[in-house]
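Colleague: I am attaching a structure below and will ask some questions about it afterwards.
The values are calculated or read from the model by the stated rules, or taken from the named source; none is laboratory data. Not measured: the values here are computed from a predicted model. Because the Cβ atoms are built from the backbone with ideal geometry, glycine has one as well, and the counts that use them run over all protein chains shown. Heads up: the accessible areas ignore ligands, DNA and RNA and are worked out on the full protein's heavy atoms, side chains in. Shrake-Rupley method; radii C 1.70, N 1.55, O 1.52, S 1.80 Å.
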Amino acid sequence: MEQRQINTVEETLPFGEKIIIESWNHRNIDIETYKSMHRGTLTPEFWEMVANELEWFKKWDKVLDDSNPPFYKWFVGGELNPSYLCLDRHVKSWRKNKVAIIWEAEPVDSNGVPVEVRKLTYYDIYKSVNRMAYALKRNFGIKRGDRVGIYMPMIPQLPITMLALARIGATFTVVFSGFSADALADRLNDAEAKLLITANGFYRRGNVINLKEIADEALEKSPTVKSVIVFRRIRDLNVRMIEGRDYWWGDIREGTPENAYIQPEPLPSEHPLYILYTSGTTGKPKGIVHDTGGYMTLLHATMKWVFDLKDDDVYWCTADIGWVTGHSYIVFGPLMEGATQIMYEGAPIYPNPDRWWAIAERYGVTILYTSPTGIRTLMKFGDQWVKRHDLSTLRLLHSVGEPINPEAWRWFFEVVGNSKCPVGSTWWMTETGGILISHTPGSYLVPLKPGTNGLPIFGIDADVFNENGQPAKPGEKGYLVIKNPWPGMPLTIYGDPQRLIDTYFKKFEGKFYAGDYAIKDSDGYIWVLGRADEVIKVAGHRLGTYEIESSLISHKAVAESAVIGVPDEVKGEVPVAFVVLKQGFDPSDELRQELHQWVRQTIGPIADPSKIFFVSALPKTRSGKIMRRLLRAVISGESLGDTTTLEDQASIDEVKIAYEKLKTEIGG
Ligand code: WTA
C-alpha cells in the first residue's frame, strides 16, 4: 500500500537551508543580531512607540491594562477611528487623489480583456463612505454599539461598508459570501444583527451567483434583522425585494447629499470594531471580537515590517474579505497606510490559469500576498502560464493560511519571483488580528528558509512548548504559544467570554495556546506544521470537523458521523466523512450525493467532504469517544498503532473495507 506519512512531514523540511537575497536593497541581518534586538522589544512600552505613529483623537492614559487577564486592554483612555485613519487623514494630504483600489471584475471579453475595471481614489472612497455612513445613521438609525451583518462578494462596496460602519462605531460581522444560508443565519443570530448589507449577486468562474436568494433564506431564520440593504452588483439580475425591509443601495445613496459628511466617532481604543466567526474544536463557530486601538496598531506595524509598504507600491492581497486576512490586509492595514491596491472579484483560473499573472502584469504589482493553495493550484498548470507575463515589478512575496510546503515555496520564489523577491510565510490567525511570526523584509531580513514561518516579529514572544508546558528542544514537535499580551489580541468571544479562557489560556496557564503544532529549529525559526486539534484548513479556509459532523447528523438518514482532514496535494487538507446510517436507510450513491448536497447547503461548498464512506460502526474507545486517529491511519495507509482502547475491532476492519471499496469504485 502506498505510504503517505501525515505525522512525519517535518522530516522532509529543509531546516538547515538558508537563502540570502543579496541583490535586494534592504537590511539583511544575521539571526543572532535580530534575536538580540528582538529581546529588547518584548514590553508594552515598545508597542506604545508603535501606537504613537498612529493619529489618535486622544492619547491613552495607560498602555496596557492587565488587571483582568486574559481580557487585556490596550491603550486605555485613547480614542481613535479606523475610518478616519484610512480616509480622512489621506484626504487631507497629497494622497487625496491617489488611487486606493483598482478593482477588476471577473468577466472578460472574447480577447480575454476584463470588461469592468474601476479605479477609486481615496477621495472617492471617502465620499462614498460618508454617504453610506449618513444613510446608516439617518435612515436606519444605526449607532455606536449596534451590530450589523455584511454578506458581500469582492466588490469595493464591501470595504466601503466596513469603513462606514467603523465611522459611526457600529460593530460589524462579515460573513464569507461562500457560506450557506444556515451559516449566515447562525452568525446573524449570534451577533444579534439589526441590519444586513448584501448584494444581489456576483460572478464566480463565469457563473452568476444569486447572493440575495441565499440571504433571503437566512433572513427567514434571523428575526433580529429588521432591514436589508442590497447593492445591485449585476444589473440584470432580478431579485425579490420585500417592501419595508429591503432597500437598494443605489436608492439610499440617491437620498443622501453629494457632500454628506459624518464626523468619525471618537471610539475608545477598546471599542469592539468587529466580530468575526471562526471554527474551533467543538460547538458553533466562535465570534472573535477585535478591539480598535490595539488592532490598528498591530496592522500598522506589520504593514511596515512585513510588507515594507511604500507609496509607489502596488499591493495585492488575493484573500477574500470574508476571512480575517481580507479584514486586516485588504481593508484596514493597506488603506490606513495609504496603499494602492488591487481587488479582484473572481476565480484565479478564470478564464485561464494565468488570470492572476495577467492582473499582476496589467497593474505592475510589486507586493503579492497569497495562499499556499493558490500557489499550488497555479503551479499545477505549469510555468508557461507565468512566463507569458512580465512580472518584473514584483519585489516582495508572502503567503498565509496554511503551511507552505518547500516545493511550492521554491516555485513561488523561483518562477513567480524570479529568485529576487523575499518569500515569507506569515503565521497568524483570526484570533491574533494580524501577523505575529514572519520574515520582516521591511525592517530587518534574516536569511530565508523554504517553508518556515521565520522568527517572531518585534514585540511578540512566541515559543514552542511540549506537553508539559516546557520549551520544546530544537527540532522537537510541540505546540505554538504566544507568551505575552499583544495589541490585536481578541477582546473576548462574543456572548461567551469564558470560552476565551477555556480555549486559549487554560492548556498552558495564562499563555495563548494557538492550537497549532510547531517546531523551533536550532536557529530559533518557527515551522508551523498544522492544527493540533479537530480544526482543518481546506484551501486555507478554516473549518471544524465538528461542524461538518453536525451538518451530516442533522440529515434524516444519518445516525453518526466522523469527519477527519486528510492531506491533499493542492488544497493542503480536505475533509473526509464516515457515516453510520439510521435503521431503515441503505447506503447508495444517490444518498451519498444527497449528503454532499446537504453539507453544501448547510455550511457551504468549501465544507463538502471529498469522500463520504458508509460504515455500520465507527471505531470508538470503550467510553464512546470516536478514535479519529485510527480513521486517519486507514486513509493514509499508516500503521494503526496502539488499538488496545478500541471497543470493537470489527469497526476498524469495516472502515478499511469501505475505504478499499470506494477506492476501487472511483479508481483510487
Ligand atoms: C494556519 C488565517 C502555517 C494555522 C490568517 C492557524 C498557518 C490557522 C499559516 C489560522 C502559516 C495560518 N503557516 N500555518 N503561514 N498561517 N496558518 O484563523 O493552523 O483562518 O492556526 O487565520 O491557519 O487560520 P485563520
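Colleague: Please list, in order along segment 81-97, the HN-Hα scalar couplings obtained from phi with the Karplus expression 6.51 cos²θ - 1.76 cosθ + 1.60 (θ = phi - 60°), rounded to whole Hz, x for Gly and Pro.
Modeller: For segment 81-97, the Karplus curve yields 8, x, 5, 5, 5, 7, 10, 3, 4, 6, 5, 7, 10, 5, 6, 2, 9 Hz.
Colleague: Roughly how big is the chain's charge dipole about its Cα centre, with Cβ charges of +1 (Lys, Arg) and -1 (Asp, Glu), in debye to the nearest 20?
Modeller: Value, rounded to 20: 1240 debye.
Colleague: How large is ³J(HN,Hα) for each residue in segment 317-332, as worked out from phi by the Karplus curve 6.51 cos²θ - 1.76 cosθ + 1.60 (θ = phi - 60°), to whole Hz, x for Gly and Pro?
Modeller: Coupling constants for segment 317-332: 9, 8, 5, 9, 5, x, 10, 4, 4, x, 4, 7, 10, 10, 8, 6 Hz.
Colleague: Further, regarding this structure: Collect residues whose amide H, placed 1.01 Å from N in the peptide plane, falls under 5 Å from the amide H of residue 108; neighbours closer than 5 in sequence don't count.
Modeller: The list, which skips near neighbours in sequence, is 115.
Colleague: Modelled label-to-label distance, residue 505 and residue 476, 7 Å Cα→beta-carbon offset: nm?
Modeller: Between residue 505 and residue 476, the label points sit 2.7 nm apart.
Colleague: I've got another one for you. From the mean inverse distance of alpha carbon pairs (Kirkwood) and the Cα radius of gyration, derive Rg over Rh for the chain.
Modeller: Here Rg/Rh amounts to 0.95.
Colleague: In whole percent, how big is the carbon plus sulfur part of the accessible area of segment 534-666, probe 1.4 Å, protein atoms only?
Modeller: Carbon and sulfur atoms account for 50 percent of the accessible area of segment 534-666.
Colleague: In segment 534-666, what percentage of the DSSP-assigned beta bridges are antiparallel, given to the nearest 5?
Modeller: 75 percent
Colleague: Could I ask something else about it? Can you tell me how much longer the chain between residue 242 and residue 93 gets when fully stretched, taken as 0.36 nm per residue apart minus their C-alpha distance, in nm with one decimal?
Modeller: Here the segment from residue 242 to residue 93 would lengthen by 49.3 nm.
Colleague: Using the Karplus equation 6.51 cos²θ - 1.76 cosθ + 1.60 (θ = phi - 60°), what ³J(HN,Hα) coupling, rounded to whole Hz, does each residue of segment 604-613 give in order, writing x for Gly and Pro?
Modeller: Values, residue by residue: x, x, 5, 8, 4, x, 6, 9, 10, 9 Hz.
Colleague: Residue 424's amide H: which non-local residues (gap 5+, or another chain) put their own amide H closer than 5 Å, with H modeled 1.01 Å from N in plane and none for Pro or chain starts?
Modeller: Those lying under 5 Å, H to H, from residue 424 are 397, 398, 399.
Colleague: Residue 79: accessible area at probe 1.4 Å, nearest 10 Å²?
Modeller: 60 Å²
Colleague: Sorted by average packing, counted as other Cβ atoms within 10 angstrom per residue and highest first, what order do 640-650, 158-168 take?
Modeller: 158-168, 640-650
Colleague: Compute the label zone of residue 111 within segment 338-356: residues whose backbone N is under 18 Å from the point 7 Å along Cα-to-Cβ.
Modeller: Only 351-352, 355 pass the distance filter.
Colleague: Whose amide H sits under 5 Å from the amide H of residue 558, counting only residues 5 or more places off or on another chain, with H placed in the peptide plane?
Modeller: Result for residue 558 returns 582.
Colleague: Ratio of segment 443-559's C-alpha Rg to 2.2 N^0.38 Å, to two decimals?
Modeller: Here the Cα radius of gyration is 1.26 times the empirical estimate.
Colleague: So if I restrict to the alpha-carbon atoms in segment 241-334, what is the Rg, and what is Dmax, the biggest pairwise distance, in Å?
Modeller: 17.7, 50
Colleague: Then there's this: Using a 1.4 angstrom probe on the protein heavy atoms only, line up 380, 143, 449, 137 by accessible area, largest first.
Modeller: 380, 143, 137, 449
Colleague: Grab segment 534-666 and count how many Lys pairs have their alpha-carbon atoms under 15 Å apart, sequence gap of 8 or more, or different chains.
Modeller: Number of lysine pairs found: 7.
Colleague: With 5 Å bins from zero, work out the P(r) of segment 347-432 over every alpha carbon pair and list the percent per bin.
Modeller: Pair shares across the bins are 3, 15, 27, 28, 17, 7, 3, 1.
Colleague: Give me the extension gain from residue 32 to residue 585: residue separation times 0.36 nm, minus the current Cα-Cα distance, reported in nm with one decimal.
Modeller: Full-extension gain reported as 192.7 nm.
Colleague: Along its principal axes, what span do the Cα atoms of segment 465-519 show, with the longest given first and each in whole Å?
Modeller: 39, 21, 15
Colleague: Among the lysines, which fall within straight-line cross-link reach of residue 473, defined as a Cα-Cα distance under 26 Å, with same-chain neighbours fewer than 8 residues apart omitted?
Modeller: 18, 35, 449, 483, 506, 507, 511, 520
Colleague: Sticking with this one: Would you mind putting 408-415, 266-273, 451-458 in packing order, based on average other-beta-carbon counts within 10 Å, highest first?
Modeller: Answer by packing, highest mean first, reads 451-458, 266-273, 408-415.
Colleague: Using Stokes-Einstein with the Kirkwood hydrodynamic radius over Cα pairs, what translational diffusion coefficient do you get for segment 534-666 at 10 °C and a viscosity of 1.306 mPa s, in µm²/s rounded to a whole number?
Modeller: 106 µm²/s
Colleague: If you roll a 1.4 Å probe over the heavy atoms of the protein chains, what accessible area per residue do you get for segment 48-201, in Å²?
Modeller: On a per-residue basis, 33 Å².
Colleague: Using only helices, what value at 222 nm comes out for the chain when you add -39,500 (n - 2.57) per DSSP H run of length 4 or more and divide by the total residues, to the nearest 500 deg cm²/dmol?
Modeller: -7500 deg cm²/dmol
Colleague: Could you do me a favour and compute the accessible area per residue for segment 545-618, 1.4 Å probe, result in Å²?
Modeller: So segment 545-618 comes to 43 Å² accessible per residue, rounded to a whole number.
Colleague: Let me ask something else. If you build the Cα gyration tensor of segment 578-652 and take the root of 5 times each eigenvalue, what three semi-axes come out, in whole angstrom, biggest first?
Modeller: 25, 15, 11
Colleague: Taking 0.36 nm per residue of sequence separation and subtracting the Cα-Cα distance, how much length would be gained by fully extending the chain between residue 392 and residue 663, in nm to one decimal?
Modeller: Contour length minus Cα-Cα distance gives 93.1 nm.
Colleague: What's the FRET efficiency of residue 57 with residue 557 using the Cβ-Cβ distance as r and R₀ = 51 Å, to the nearest 0.05?
Modeller: Approximately 0.30, to the nearest 0.05.
Colleague: With unit charges on the beta carbon (Lys/Arg positive, Asp/Glu negative), name the residue among 455, 382, 159 whose Cα is farthest towards the positive pole of the charge dipole of the chain.
Modeller: After comparing all options, I get 159.
Colleague: Work out the length of the dipole vector of segment 499-621 about its Cα centre, built from +1 on the beta-carbon of each Lys and Arg and -1 on the beta-carbon of each Asp and Glu, and round it to the nearest 20 debye.
Modeller: Computed charge dipole of segment 499-621: roughly 320 debye.
Colleague: Ok, one more. Return the FRET efficiency for the residue pair residue 119, residue 352: r is the Cβ-Cβ distance, R0 is 22 Å, and the value is rounded to the nearest 0.05.
Modeller: Efficiency computed from Cβ-Cβ geometry: 0.40.
Colleague: For segment 261-401, taking Cα atoms only, what is the radius of gyration to one decimal and the Dmax to the nearest whole Å?
Modeller: Rg, Dmax (Cα atoms, Å): 17.1, 52.
Colleague: To continue, here is another question. Give the distance, in whole Å, between the Cα centre of segment 383-455 and the Cα centre of segment 27-64.
Modeller: If we compute the Cα centre of each part, the gap is 24 Å.
Colleague: Take the alpha carbon atoms of segment 225-297, find their center, do the same for segment 604-655, and report the distance between the two centers in whole angstrom.
Modeller: Result: 42 Å between the Cα centres.
Colleague: How high is the FRET efficiency between residue 312 and residue 419 when r is their beta carbon distance and R₀ equals 22 Å, given to the nearest 0.05?
Modeller: FRET efficiency, residue 312 to residue 419: 0.45.
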